[in-house]
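This report refers to the structure that appears directly beneath it.
The values are calculated or read from the model by the stated rules, or taken from the named source; none is laboratory data. Only a predicted model underlies this, so the values are computations on that prediction, with no experimental measurement involved. Note that each Cβ is placed from the backbone with ideal geometry, even for glycine, and that neighbours are counted across all protein chains shown. With ligands, DNA and RNA removed, areas are computed over all heavy atoms of the protein, side chains included. Shrake-Rupley method; radii C 1.70, N 1.55, O 1.52, S 1.80 Å.
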Amino acid sequence: MSIFTGSAVALITPFHDGAVDYQALTNLVELQIASGTDAIVALGTTGEAATLTSDEREEVIRFIVERVSNRIPVIVGTGSNNTEDAIQKSRFAEAVGADGLLIVTPFYNKTTQEGLLAHYSSIAEQVRLPIIMYNVPSRTGLNLLPETVNKLVKSCENIVGIKEASGNIEQIVKLAALCPECDIYSGNDDHLYGCQYHTGSHASDVQSIF
């Protein structure tokens, strides 16, 4: 149920005179597709989703999905530190035709690992789209541990991968060994090249992403 392999680009959300610049956004989408990008991420960290209004978020998602028009996968950032809010955002992305969801760990709250299990499981139950979890402790103050990832992947069939931006190679190796069925996407530029971890008869690739 992998969403993609290769390289995905997290688009910025261009603004002009206080409003989203949809011509610039069109140019960015077309440039990425023409350049061979394997997938596009709408409203990831680079898209500054946290600073957009709800209406802006929805319009940007709808616009990108329609512009890409199934040429490559569109993954939408729908994370929140409020579980119900994340569910609503994820449902919207699914309704307008997104191909996958990128869901960051709840920021600021600093929940427990059990809280993370409950958060992600609740979201996964409410949508059918494949989910990539996003672990970026430097931004959220929270680390999604390999053991928790393993439980989520095994219990929720539409949780299929993780964007790993912890910068902890030891943790990534442990995750690959513990959960070989989980797609691992690199969230750090310096971890992109030649990262393949073999675990017995399985191999988990750290894909180029973002």
Within the bounds of the stretch 189-196, is there any residue that is at pLDDT 95 or above and charged (D, E, K, R)? no
Suppose the filter is open to solvent by 80 Å² or more (accessible area, probe 1.4 Å), within 21 Å of Ser155 (Cα to Cα) and of a type in the set (D, E, K, R); does Glu66 pass it? no
Answer residue from the stretch 23-52, given it is farther than 21 Å from Lys89 by Cα, of a type outside the set (A, V, I, L, M) and in contact with a Phe, Trp or Tyr (Cβ under 9 Å, 6 or more places away or on another chain) and is surrounded by the most Cβ atoms within 10 Å (Cβ to Cβ) among those: Asp38
Determine which single condition Asn82 fails, assuming it passes every other condition in (1) closer than 19 Å to Arg57 by Cα; (2) open to solvent by less than 40 Å² (accessible area, probe 1.4 Å). (2)
Condition first: part of a helix (DSSP H, G or I) and open to solvent by 40 Å² or more (accessible area, probe 1.4 Å). Now tell me which residues in the stretch 137-186 satisfy that. Ser138, Arg139, Glu147, Lys151, Lys154, Ser155, Ile169, Glu170, Val173, Lys174, Ala177, Leu178
Failed item in (1) at pLDDT 95 or above; (2) closer than 28 Å to Cys156 by Cα; (3) of a type in the set (A, V, I, L, M, F, W, C), with Ala8 passing the rest: (1)
In the stretch 90-117, residue farthest from Ala42 (Cα to Cα) [restricted to those that are in a helix (DSSP H, G or I) and of a type in the set (A, V, I, L, M)]: Leu117
